[in-house]
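The values are calculated or read from the model by the stated rules, or taken from the named source; none is laboratory data. Since the model is a prediction, treat every value here as computed from it, not as a measurement. In this analysis, Cβ positions are derived from the backbone assuming ideal geometry, glycine residues included, and neighbour counts consider all displayed protein chains.
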Amino acid sequence: MSTNELQDLLNNNKRWAAQTEDDTPGFFSRLLKQQTPQYLWIGCADSRVPANELVDLLPGELFVHRNVANVVVHSDLNCLSVMQFAVDELKVRHIIIVGHSNCGGVRAALQDLRVGLVDNWLRHVQDVRNHHQDWLEQLPQDQRVNALCELNVLEQARNACQTTVVQDAWARGQSVTVHGWVYGLHNGLLKDLSVSAAHADDVTPAYRRALAALHQRYEAARGAGPASTAVPTAAQGSASTSPQG
Ligand SMILES: [Zn+2]
């Protein structure tokens, strides 16, 4: 990237800051004093899935953690630290795990593609694939990536529920709800996978209901035949081999 291209970014930033302050006088001085986001977004690092823009929230309104394929691992101090700060200090009321259709990380995991160091990270998504392998193999090839994107959201949402951060918050009566969404790259829409859990007792029933609903959607689409244009999910888009996130 040339210096000129970076200069464009800095110029864009100046314009944006001036416009924001113009639209809402005192915007930055108010943000300086505090941030009070209600939501923690845990999403994919993919450049096509920018958290704030998708839900039309301003700086200060969304606490964000992103990694390749929106994975929540119990030993990942980075993600756990973000969750702990968001829940204990900022008192966010919602944690949203957000996957997206045609995720390159999920595709690499599904198809055993060798990409590099990231293969080790994607082992976590391969664990999800292996857990659901029998069901995935019944699907037409072109539906498996998006199906695994959604299964991955359910599993990562369940992982988030099982962290000490969320378990401790629930034990002390703090209101935190964990959700799982998937974003459709082809239409810009977010879909709630209905795996929401607000108490420790909710986690397993919510996971089972969401999994059954996911199975039903894909099986109904498959039953409609290969020539059908039936779309099992808002997240299903055109096939892409993009290497992004
Ligand atoms: Zn992705």
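Worth a mention:
- Which listed residue, of His199, His131, is under 21 Å from Gln84 (Cα atoms) and at pLDDT 95 or above: His199
- Listed by position, the helices (runs of 4 or more DSSP H) enclosed by segment 38-134 that each have at least 3 residues that are under 15 Å from the mean Cα position of the chain (by Cα) and more than 21 Å from Leu185 (Cα to Cα) are 77-84.
- Filtered residues of segment 173-213 (kept if under 13 Å from Arg158 (Cα atoms) and of a type in the set (Gly, Ala, Ser)): Gly180, Ser194, Ser196, Ala197, Ala198, Ala200, Ala206, Ala210
- Cβ pairs under 7 Å, 6+ apart, first in segment 138-152 and within 16 Å of Ala220 (Cβ to Cβ) and within 16 Å of the ligand (Cβ to nearest atom), second of a type in the set (Val, Ile, Thr) and not in a helix (DSSP H, G or I): Asn146/Thr233; Glu150/Val182; Glu150/Thr233
- Taking (1) of a type in the set (Lys, Arg); (2) farther than 25 Å from Gly184 by Cα; (3) surrounded by 12 or more Cβ atoms within 10 Å (Cβ to Cβ) in turn, Lys33 satisfies each apart from (3).
- Condition met for Pro226 (at pLDDT below 85 and either away from the ligand (no atom under 16 Å from the Cβ) or in contact with a Lys or Arg (Cβ under 6 Å, 6 or more places away or on another chain) (or both)): yes
- Checked against the criterion of being assigned to a loop (DSSP other than H, G, I, E, B) and of a type in the set (Asp, Glu), segment 10-30 has no qualifying residue.
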